[in-house]
Amino acid sequence: MSAKYLVTGGAGYVGSVVAQHLIEAGHAVTVLDNLSTGFRDAVPAGADFIEGDIRDAAKWLDSSYAAVLHFAASSQVGESVAKPEKYWDNNVGGTMALLAAMRDAHVRTLVFSSTAATYGEPVSSPIKETDPTAPTSPYGASKLAVDHMITGEASAHGLGAVSLRYFNVAGAYGEYGERHDPESHLIPLVLQVAQGRREAISVFGDDYATPDGTCVRDYIHVADLADAHLRALDAATPGEHLICNLGNGSGFSVREVIETVRQVTGHPIPEVVAERRGGDPAVLVASAATAHERLGWRPARADLAGIVADAWAFAQRKG
Ligand SMILES: NC(=O)c1ccc[n+]([C@@H]2O[C@H](COP(=O)([O-])OP(=O)(O)OC[C@H]3O[C@@H](n4cnc5c(N)ncnc54)[C@H](O)[C@@H]3O)[C@@H](O)[C@H]2O)c1
């Protein structure tokens, strides 16, 4: 059945891909984005666009919307350490205003972009939703605070909510891909070397307790993530806050990513080994068992070469 959805942050990387998937599934989409880190040309052609802030969501939200998919946030870990107040204001304050607007408009379904950063240093691997949450940055703390806020909203006011805790989102979907500035994610940074926009890639530590000494991360294709969002809309149950990790359940090392970019692009990709960065765990891999059980979700594009090839096609188009 076709429905109408508000997509906050739909001019950004993940939001634009999910908005496009909703449109392809026959739904009506309104994107609400203040373009602070997003791009007007990333809003899918079939979507309505409101240039505005989530703190003012009450101006536009009404009961014609079946649900809100909430991507809008500040999401740079390093910036959050330097300017924590920005993260409490935008991520926590912004979501508080959005939840109030949803309550007033009787919009009772929410899908929220949470993050692996809510866990901090893992106590075991793969990480489960029941593991302790001890974020190591104001970014992770602000996202965890929102998760707590949503839990209360579900039990007190009957919201049906799903928080999806993404691990490392990567790849692109046609016209829609990753254009962060500054970029901090490994795959687009290595692709910038292939494009000649950066001389070499820094490898932060090669003496971790991993097979090749470099950090291992769980890369998930952005189109697989989009599929999980559409399933989450169906799975949302009034009064329940469901939290699901989203990852492939197996990781790739920094060196494996660099080698894959060499193979996909044909560029030599010089690398420079640098000091470890504080707060970088050796391995961050998701258990996606809950997403399998509750959403019926399984990643269809777990192959790293495919993820990199899609990101490369996008980088050549837009980069
Ligand atoms: N990309 C990842 O690897 C990753 C991993 C885990 C979680 N997440 C989460 O997923 C979401 C999307 O991430 P992304 O990589 O697409 O980021 P992005 O920066 O590309 O997109 C965020 C969008 O939100 C908009 N925005 C920010 N504050 C706003 C506000 N107050 N009002 C209206 N619009 C606002 C920005 O303009 C931007 O278009 C974020 O919530 C992020 O924390 C991303």
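The values are calculated or read from the model by the stated rules, or taken from the named source; none is laboratory data. What you are looking at is a predicted structure, and each value in this text was computed from that prediction instead of being measured. As a convention, Cβ positions derive from the backbone with ideal geometry for all residues, glycine included, and neighbour counts pool all protein chains shown. Ligands, DNA and RNA are excluded from the accessible area calculation, which covers all protein heavy atoms including side chains. Shrake-Rupley method; radii C 1.70, N 1.55, O 1.52, S 1.80 Å.
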Residue ranges of strands (runs of 3 or more DSSP E) in the range 134-235 with at least 2 members of a type in the set (A, V, I, L, M) and either more than 21 Å from the chain's Cα centre (by Cα) or farther than 17 Å from residue 304 by Cα (or both): 160-166, 201-204
Residues being closer than 17 Å to residue 177 by Cα, touching a strand residue (DSSP E or B) at 6+ places or on another chain (Cβ under 7 Å) and assigned to a helix (DSSP H, G or I) - total across the range 14-58: 10
Qualifying residues in the range 80-116 (those that are acidic (Asp, Glu) and without any contact (Cβ under 8 Å) to a residue 40 or more places away in the chain) - the one surrounded by the fewest Cβ atoms within 10 Å (Cβ to Cβ): 85
Which numbered condition residue 110 fails, given (1) part of a helix (DSSP H, G or I); (2) under 20 Å from the mean Cα position of the chain (by Cα): (1)
Within the range 145-171, tally of residues that are surrounded by fewer than 19 Cβ atoms within 10 Å (Cβ to Cβ), more than 16 Å from the ligand (Cβ to nearest atom) and touching a residue at least 24 places away in the same chain (Cβ under 8 Å): 4
Condition check for residue 77: within 19 Å of residue 27 (Cβ to Cβ) and more than 9 Å from the ligand (Cβ to nearest atom): no
The range 261-305, subset within 18 Å of the chain's Cα centre (by Cα) and in a strand (DSSP E or B), residue farthest from residue 77 (Cα to Cα): 286
Test set (1) touching a Pro at 6+ places or on another chain (Cβ under 7 Å); (2) in contact (Cβ under 8 Å) with a residue 24 or more places away in the chain; (3) open to solvent by 30 Å² or more (accessible area, probe 1.4 Å) - residue 285 fails condition number: (3)
Residue check, residue 227 in the same structural domain as residue 90 (by the TED database), out of contact with any Cys (no Cβ under 6 Å at 6 or more places or on another chain) and open to solvent by 30 Å² or more (accessible area, probe 1.4 Å): yes
Close pairs (6 angstrom Cβ cut-off, 6 or more residues apart or separate chains): farther than 26 Å from residue 92 by Cα and in the same structural domain as residue 72 (by the TED database) in the range 32-54, more than 10 Å from the ligand (Cβ to nearest atom) and open to solvent by 20 Å² or more (accessible area, probe 1.4 Å) anywhere: 44/20; 44/23; 46/23
